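Colleague: This is the structure I want to talk about, given as structure tokens.
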Amino acid sequence: MVATAKRRETVERAEAHSFFLRDIGNRFPDVVSAFVAQGASAAVSQSLAIEAAEIGAELRRQRTALALAIALGDLSGELDLEAVTRTLSDFADRAIDRALAAAVGERVPGAGVEGFAVLALGKLGSHELNYSSDVDLILLFDPAVMPRRARDEPGEAAVRVARRLAELLQQRTEDGHVARVDLRLRPSPEVTPIALPVGAAISYYE
């Protein structure tokens, strides 16, 4: 009962002092209820269970609800800094995987993501994302392996997949967004495409 009362007090403080948390709490009451009844871990699980017909909407809703669950856990002291950044980073990692699979599948239905790799740098690379961090990514592809339409040139196909990946993650709608994507840490970003052939990347780093 003491824990439940403390969690209710946490929700009241969040609603009183944060318009953002009050708004998403109203949008995702099941996450708030899970937090009050069972704690931050249950609220996180509830947020990750949200489903939608379209992958972009599902990821955005999960990310917004997750921010609420983590914030309540943070404010209540149930989640320490390491748990906060780890949970945000784990979600971003899974979201990138799902967005990449969707981007490939839209162009080549039924195909897997063989021959396409996403390297995380910055805060995501060190598992230290905060609530508003960008994700710093380098996108690599193997022209001989990556799924593509018969008429597509490998480099062009890879760039189209990369653009769709970025769109799924950073497009803002009424559901919010998943993460801002920064692709400028790739080699020579002013002259290279946003997805690089793996051989060219290896040569550059050597």
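The values are calculated or read from the model by the stated rules, or taken from the named source; none is laboratory data. All values reported here derive from a predicted model rather than from experimental measurement. We place every Cβ from the backbone using ideal geometry, glycine too, and count neighbours over all the protein chains shown. Heavy atoms of the whole protein, side chains included, go into the accessibility calculation; ligands, DNA and RNA do not. Shrake-Rupley method; radii C 1.70, N 1.55, O 1.52, S 1.80 Å.
Colleague: Taking only pairs six or more apart or across chains, which ones have beta-carbon atoms under 7 Å, a first residue in the range 36-55 that is closer than 23 Å to Ala103 by Cα, and a second residue that is among the charged types (D, E, K, R)?
Modeller: Listed by first residue and then by second, the contacts come to Ile50/Glu58; Ile50/Arg61; Glu51/Glu58; Ala52/Glu58; Ala52/Arg61; Ile55/Arg98.
Colleague: Would you confirm, using the coordinates I've provided, whether Glu114 is closer than 17 Å to Glu58 by Cβ and surrounded by fewer than 19 Cβ atoms within 10 Å (Cβ to Cβ)?
Modeller: Numbers: closer than 17 Å to Glu58 by Cβ: no; surrounded by fewer than 19 Cβ atoms within 10 Å (Cβ to Cβ): yes.
Here the answer is no, as Glu114 does not meet what is asked.
Colleague: Let me ask another. Which one of these does Glu128 not meet: (1) within 21 Å of Arg63 (Cβ to Cβ); (2) part of a helix (DSSP H, G or I)?
Modeller: Glu128 satisfies all of (1) within 21 Å of Arg63 (Cβ to Cβ); (2) part of a helix (DSSP H, G or I) except (2).
Colleague: Out of (1) free of Cβ contacts under 8 Å to residues at least 40 places away in the same chain; (2) within 21 Å of Val178 (Cα to Cα); (3) touching an Asp or Glu at 6+ places or on another chain (Cβ under 8 Å), the odd one out for Gly115 is which?
Modeller: Result: Gly115 fails condition (2) only.
Colleague: Same structure, new question: For the range 164-175, does any single residue satisfy the condition of being farther than 22 Å from Ser188 by Cα, aliphatic (A, V, I, L, M), part of a helix (DSSP H, G or I) and touching a residue at least 40 places away in the same chain (Cβ under 8 Å)?
Modeller: yes
Colleague: Still on this structure, please answer the following. Regarding Ala179, is this residue outside any loop (DSSP other than H, G, I, E, B) and modelled with pLDDT of 95 or more?
Modeller: Numbers: outside any loop (DSSP other than H, G, I, E, B): no; modelled with pLDDT of 95 or more: yes.
Here the answer is no, as Ala179 does not meet what is asked.
Colleague: Going through the range 33-57 one residue at a time, which ones are open to solvent by less than 30 Å² (accessible area, probe 1.4 Å) and over 21 Å from the mean Cα position of the chain (by Cα)?
Modeller: Matches in the range 33-57: Ala34, Phe35, Val36, Gly39.
Colleague: So for the range 58-73 (the condition being open to solvent by 30 Å² or more (accessible area, probe 1.4 Å), charged (D, E, K, R) and modelled with pLDDT of 95 or more), does at least one residue qualify?
Modeller: Yes, because at least one residue in the range 58-73 is open to solvent by 30 Å² or more (accessible area, probe 1.4 Å), charged (D, E, K, R) and modelled with pLDDT of 95 or more.
Colleague: For Gly199, indicate whether it is under 24 Å from Ala92 (Cα atoms) and not basic (Lys, Arg).
Modeller: Against the criterion (under 24 Å from Ala92 (Cα atoms) and not basic (Lys, Arg)), Gly199 does not qualify.
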